[in-house]
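A short write-up of the structure that comes next.
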Amino acid sequence: MVKGTKATKERKRRTVAAGVALGASAHAIAKAAGCSKRHVETLAAEPETQLLVTEALRPHRDALKKLIPKALRVIERGLTARIQVSGADHRTQLLAARRLENYLKLAEGNPLETSGGRGRTGMVTWHEFTLMYQERMGHEESDASH
């Protein structure tokens, strides 16, 4: 079996990094890079690719951090959502909050988990919602007491 050249691997690495930074699915990235989904996951986990993603998101770090309070409000609304139609698409909002979390991780150079579990585009579990909510409420209580 003939293996690809270094230049080919680096081209694929740049494609993978761009796809990860854009939040594309592993399947879409694999199609764009001309390789398998498994190879995309392997490349995405490599430090060289993580560095490319971090560098691509570096100029946006401050803007991402400014979105955190809004994402926390979305999560809180999701925790208190009623069955009745409220005019807000809570699932979409909560997915946006998860996407923000992922972008913040990537901008700080922390790799995303790409295998097993929900992956980077899945829903947040009820347990995760509860923990985030309790953490936020704990922070607000401690802020109020100071």
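Any read-out appearing in this document is the output of simple, stated calculations on the displayed coordinates, not a laboratory observation. What you are looking at is a predicted structure, and each value in this text was computed from that prediction instead of being measured. FYI the Cβ positions are ideal-geometry reconstructions off the backbone, even for glycines, and counts take in every protein chain you see.
At R0 = 41 Å, how high is the FRET efficiency between Thr5 and Arg99 if r is their beta carbon distance? Nearest 0.05 is fine.
The computed FRET efficiency comes out at 0.75.
Ala18 to Thr130: FRET efficiency via 1/(1 + (r/R0)^6), r the Cβ-Cβ distance, R0 41 Å, to the nearest 0.05?
The pair Ala18/Thr130 has a calculated efficiency of 0.70.
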